[in-house]
Amino acid sequence: MENVLSRLPLDEATLLGVQSQHGAAADKFTSAFLKNSIPKLSGKEAEDALQRKAVILHYEREKKKKGKKTIAKGLNSKERRELRVFHLKPEHHKYELFLPLHELWKQYITDLCNALKPESNPQMIQQKLLKADFHGAILTVVRSKCPSYVGTTGILVQELKHVFKLVTKDDRLKTIPKKNSVFSVEMDNFVTHIYGSRFELRSSERSAKKFKTRGTIDL
């Protein structure tokens with residue numbers, strides 16, 4: 001205890017901004033401080049602990065305050081429109097620019113439908129095509145309530161909930177509404193038709209939807 005109760009040198013006391021105590025006052029303060037630092041010990045046990053050379057002082061970590069976790073939110077529809085997220089620049093309206101995408105799509109659809117063999121079940125293929133991704137496919141409008149759309153052919157570059165966006169061979173971007181339109185798509189000499197009214201979903205939503213078989217489909 002002698003080292004603990006010794007007075008601080010004058011220069012250290014000045015640096016720390018404290019007044020060094022000594023004698024009985026220092027003894028009383030030190031004993032009280034050490035006893036409070038060992039709260040789990042009784043008076044006699046605390047006195048015995050003070051006689052040891054090493055004293056472990058009680059330390060408690062500061063508890064972290066629980067706060068609400070901030071969850072990153074995506075852009076809503078209005079913000080996406082304002083930022084023009086889905087806007088395709090005019091310099092990108094090039095048919096040749098999307099031909100590599102079309103080649104990738106042909107490989108993808110062949111793998112999805114097990115090579116489109118003649119003995120393949122047509123109903124099974126139709127079910128797979130309903131959930132397939134058509135970005136890169138060459139679509140042709142074969143029927144529509146708007147005659148000006150009929151005959152339009154191009155590579156599908158964007159599929160939104162209600163429209164297909166095609167880049168035609170003359171490097172023009174055409175926006176075709178899905179509703180009231182029928183599209184044909186050719187895959188290795190296998191031709192199928194897409195009824196746009198049944199495709200009025202985002203491609204991500206369509207992949208998880210269960211479609212019911214219908215006898216007839218109206219435009």
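Coordinate-derived values only; no laboratory data. Here the structure is a predicted model, which means the values were calculated and not measured.
The phi torsions of the range 154-167, fed into the Karplus equation with coefficients 6.51, -1.76 and 1.60 and a -60° offset, translate into couplings of x, 7, 6, 10, 8, 10, 9, 4, 10, 9, 10, 10, 10, 9 Hz, rounded to whole numbers, with Gly and Pro shown as x. Taking the inverse of the mean reciprocal distance over all distinct Cα pairs, the Kirkwood hydrodynamic radius of the range 93-206 comes to 14.3 Å.
Listed values for the range 198-206 are Karplus-derived 3J(HN,Hα) couplings in whole Hz (6.51 cos²θ - 1.76 cosθ + 1.60, θ = phi - 60°), namely 8, 9, 6, 9, 5, 4, 5, 6, 5, and x replaces Gly and Pro.
Applied to the range 146-153, the Karplus parametrisation 6.51 cos²θ - 1.76 cosθ + 1.60 on θ = phi - 60° returns per-residue 3J(HN,Hα) values of 9, x, 5, 7, 5, x, 5, 10 Hz, with x for Gly and Pro. Would you work out if the range 71-117 is rounded, prolate or oblate? Take a ≥ b ≥ c from the square roots of the eigenvalues of the alpha-carbon gyration tensor; rounded if a/c is under 1.5, else prolate when a/b is larger than b/c, oblate otherwise. Taking the square roots of the gyration eigenvalues as a ≥ b ≥ c, the range 71-117 is oblate.
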